[in-house]
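As structure tokens, the structure follows; a few thoughts come after it.
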Amino acid sequence: MRIVVIDGQGGGMGAALIKRLKEVYGEEHEVIALGTNAVATAQMMKARANRGASGENAIVRTVAAADVILGPLSIVLAHAMMGEVTPRMAEAVASAPAPKLLLPLTQEKVVIAGVAPEPLPHLIEKIVSQRLKEIMKNV
């Protein structure tokens, strides 16, 4: 399975996701780090992603071949992450055929009604150990 992790700015959230993915699944699946910038990609590569790339074109081209996409909610919001997420990136992620597991965290003026705030480590654990396993069963 090709798991794509997308993050921007410092790449900390993406790195935490990749680290947990590697702890749970080892090298069973290919993990691709896509950063909106080189710093984010570098952080995710340090977390042991199999491959990585940065920028708009890398994201637009790679998400089309993903089996599942993980990242913060911001990756589907044009101009999010202080403008790092371009409209083309957001459109490519949102329209990609792969299931998307998005962390309900954003610095934008977006509120997700009905979602209780949880610490990032709890959200990552739910995505990696519960939601992703459900998707893998159906593939």
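Read the figures in this text as sums done on the coordinates, not as results from a lab. Predicted model, so just to flag it, every value in this text is computed and none were measured. FYI the Cβ positions are ideal-geometry reconstructions off the backbone, even for glycines, and counts take in every protein chain you see.
Of these, Gly14, Gly52, Gly8, which one is without any contact (Cβ under 8 Å) to a residue 24 or more places away in the chain and touching a Ser or Thr at 6+ places or on another chain (Cβ under 9 Å)?
Numbers: Gly14 fails: without any contact (Cβ under 8 Å) to a residue 24 or more places away in the chain; Gly8 fails: without any contact (Cβ under 8 Å) to a residue 24 or more places away in the chain.
None of the others qualify; the one that does is Gly52.
I'm trying to understand the selection: among the residues of region 1-58, which are touching a His at 6+ places or on another chain (Cβ under 6 Å) and surrounded by 18 or more Cβ atoms within 10 Å (Cβ to Cβ)? Steps first, please.
Taking region 1-58 and keeping what is touching a His at 6+ places or on another chain (Cβ under 6 Å), we get 1, 3.
The answer is Ile3, and nothing else.
Answer yes if at least one residue in region 64-75 is out of contact with any helix residue (DSSP H, G or I) (no Cβ under 8 Å at 6 or more places or on another chain), more than 29 Å from Val111 (Cβ to Cβ) and either assigned to a helix (DSSP H, G or I) or polar (S, T, N, Q) (or both), and no otherwise.
no
Would you confirm, using the coordinates I've provided, whether Val76 is under 13 Å from Asp7 (Cα atoms) and either touching a Phe, Trp or Tyr at 6+ places or on another chain (Cβ under 6 Å) or surrounded by 14 or more Cβ atoms within 10 Å (Cβ to Cβ) (or both)?
yes
Do any residues in region 76-88 that are at positive phi have Cβ atoms under 8 Å from those of residues that are surrounded by 13 or more Cβ atoms within 10 Å (Cβ to Cβ), where the two are at least six apart or on different chains, and which pairs are they?
His79/Val85; His79/Thr86; Met81/Gly8; Met81/Gln9; Met81/Thr36; Met81/Ser74; Met82/Gln9
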